[in-house]
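The values are calculated or read from the model by the stated rules, or taken from the named source; none is laboratory data. Since the structure is predicted, the reported quantities are computational estimates derived from the model, not experimental observations. Reconstructed Cβ throughout: ideal geometry from the backbone, glycine too, with neighbour counts over all protein chains shown.
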Amino acid sequence: MKTGQIRIHETGGPDKLIWDQQTLGTPGAGEALVRQTAVGLNFIDTYYRSGLYKAPLPSGIGSEGAGEILAVGEGVEGLTVGDRVAYASGPLGAYAEARVMPARVLVKLPPAIDERTAAAMMLQGTTVEYLIRRLYPVQAGQTVLLHAAAGGVGLIAAQWLRHLGVTVIGTAGGPEKAAIARAHGCTHVIDYRHEDVARKVRELTGGEGVPVVYDGVGRDTFVGSLDSLARRGLMVSFGNASGAVEPFAPAMLSARGSLFVTRPTLFDYIATRAELEASAQALFDVVASGAVRINIGQTYALRDAAQAHRDLEARKTTGATVLLP
Ligand code: NDP
């Protein structure tokens, strides 16, 4: 079958996202052919497009999608034609109407989760799952700092943390985003375009600081995040929305109270099939229960992915963004 897709032939701005047609073969051993009904947009897609993260070119782009299985290759177990599935990893190439891909990254969707919701949450939601339950298992009663709280990862994290009994200090750019973050679980929101984050965090925590900071913003917030931590606190630097963090001296950690820093990626937390299934199941449960609502702030036609990238990078989006094939 023929499929429309977006690929990059060279790195650069959103205009490097090129629509073309590809003929798909039948799935080989361990593969499945998926007709996609929704594709998730993630900040990581902009890193591959810009060249901050490297992919051999030309390359497909996108890591997350949902749809229906049209065919499976030899040796695929547990999945059959007609199953509704979603994924948050595997080879780049999610920006496509249909694709042949490794079946091992596909997760079957329960009836309670529709495909658009799945495409909006699989990557960001499994990220939140590992950040707050496994990387640093938060405890009820703690207060944590969460940057970009009105974003895709942010809105899921704020709700899930609140559900676990954690007080969330969020950051957001501007009053509208601050209101959205507050409505999704943040007890306090700092407008980090105008306020000094570390000073505000100290004020809110009686001078003590927070035990953990979740920082997906990167370059612009890194030092302020360290300054917001309590003694022996953990800095989770998990993204680069404002650019990559500059090299830093380990002495910065001792000077601020024997801090820890980690720079994790989702793929190391859903590396095995068991980890992927457990992470996805925890996400499905918390969404099906209503404790976490998936907020699709905007949708675009898949062909208009360039505009979606422009808006994401211009900080115009809130919550999750879905591209529709
Ligand atoms: P978001 O929807 O959160 O969008 C990024 C947000 O970052 C913006 O909306 C903006 O919010 C904020 N921001 C602050 N400074 C800038 C800037 N200079 N340019 C653009 N945005 C800025 O994106 P995602 O939810 O897709 O991802 C959030 C972060 O998490 C990203 O860094 C991403 O790479 C990372 N991530 C990491 C994973 C991992 O395992 N390591 C997995 C998944 C995501 P505001 O206007 O409120 O400041």
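Being within 26 Å of ILE113 (Cβ to Cβ) and out of contact with any Gly (no Cβ under 9 Å at 6 or more places or on another chain) is true for just one of GLY13, GLY4, GLY40. Which residue is that?
On the way: GLY13 fails: within 26 Å of ILE113 (Cβ to Cβ); GLY40 fails: out of contact with any Gly (no Cβ under 9 Å at 6 or more places or on another chain).
One residue alone meets the criteria, GLY4.
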When GLY174 is run through (1) without any contact (Cβ under 8 Å) to a residue 40 or more places away in the chain; (2) closer than 24 Å to ALA278 by Cα, the failure sits at (2)
So, ALA157, is that one near the ligand (Cβ under 10 Å from one of its atoms), out of contact with any helix residue (DSSP H, G or I) (no Cβ under 9 Å at 6 or more places or on another chain), of a type in the set (A, V, I, L, M, F, W, C) and not in a loop (DSSP other than H, G, I, E, B) or not?
no
Kindly list the number of the only condition in (1) without any contact (Cβ under 8 Å) to a residue 60 or more places away in the chain; (2) under 22 Å from the mean Cα position of the chain (by Cα); (3) more than 26 Å from VAL236 (Cα to Cα) that fails for GLY90.
(3)
Residue match in segment 282-289 (condition: surrounded by fewer than 13 Cβ atoms within 10 Å (Cβ to Cβ), within 16 Å of the ligand (Cβ to nearest atom) and not in a helix (DSSP H, G or I))
no
Test result for LEU234, more than 18 Å from the chain's Cα centre (by Cα) and away from the ligand (no atom under 13 Å from the Cβ)
yes
Quick one: what pairs do we get from segment 30-52, first residue more than 24 Å from LYS108 (Cβ to Cβ), second more than 10 Å from the ligand (Cβ to nearest atom) and part of a strand (DSSP E or B), C-beta under 6 Å, 6+ apart or different chains?
ARG49/ILE8
Quick check on my filter: what residues within segment 214-264 are farther than 20 Å from LEU135 by Cβ, in a loop (DSSP other than H, G, I, E, B) and hydroxyl-bearing (Ser, Thr, Tyr)?
SER242
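Which residue, of GLU277, GLU246, is away from the ligand (no atom under 13 Å from the Cβ) and under 20 Å from the mean Cα position of the chain (by Cα)? Talk me through it step by step, then tell me what you get.
Details: GLU246 fails: under 20 Å from the mean Cα position of the chain (by Cα).
Only one candidate passes the filter, namely GLU277.
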Yes or no: segment 235-244 includes at least one residue that is touching a strand residue (DSSP E or B) at 6+ places or on another chain (Cβ under 6 Å), small (Gly, Ala, Ser) and at positive phi.
no
If you go through segment 114-125 one residue at a time, do you hit one that is touching a helix residue (DSSP H, G or I) at 6+ places or on another chain (Cβ under 6 Å), part of a helix (DSSP H, G or I) and either modelled with pLDDT under 95 or surrounded by 23 or more Cβ atoms within 10 Å (Cβ to Cβ) (or both)?
yes
Which is under 16 Å from VAL261 (Cβ atoms), in contact with a Phe, Trp or Tyr (Cβ under 8 Å, 6 or more places away or on another chain) and surrounded by 16 or more Cβ atoms within 10 Å (Cβ to Cβ), of VAL245, VAL213?
VAL245
Which of (1) surrounded by fewer than 21 Cβ atoms within 10 Å (Cβ to Cβ); (2) in a helix (DSSP H, G or I); (3) within 11 Å of the ligand (Cβ to nearest atom) is the odd one out, the single condition LEU312 does not satisfy?
(1)
Note down all Cβ pairs under 6 Å where the first residue falls in segment 262-273 and is in contact (Cβ under 8 Å) with a residue 40 or more places away in the chain, the second is near the ligand (Cβ under 7 Å from one of its atoms) and not polar (S, T, N, Q), and they're at least six residues apart or on different chains.
PRO264/PHE238
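Going by the conditions given, is THR265 crowded, with 16+ Cβ neighbours inside 10 Å and polar (S, T, N, Q)?
Details: crowded, with 16+ Cβ neighbours inside 10 Å: no; polar (S, T, N, Q): yes.
Criteria not met by THR265.
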What's the number of the condition GLY40 fails, among (1) part of a strand (DSSP E or B); (2) at positive phi; (3) of a type in the set (Gly, Ala, Ser)?
(2)
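Can you find even one residue in segment 170-182 that is within 14 Å of the chain's Cα centre (by Cα), assigned to a helix (DSSP H, G or I) and crowded, with 17+ Cβ neighbours inside 10 Å?
No, segment 170-182 contains no residue that is within 14 Å of the chain's Cα centre (by Cα), assigned to a helix (DSSP H, G or I) and crowded, with 17+ Cβ neighbours inside 10 Å.
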Counting just the residues of segment 125-148 that are among the small types (Gly, Ala, Ser) and either in contact with a Lys or Arg (Cβ under 8 Å, 6 or more places away or on another chain) or without any contact (Cβ under 8 Å) to a residue 40 or more places away in the chain (or both), which one comes out nearest to the ligand (Cβ to nearest atom)?
ALA140
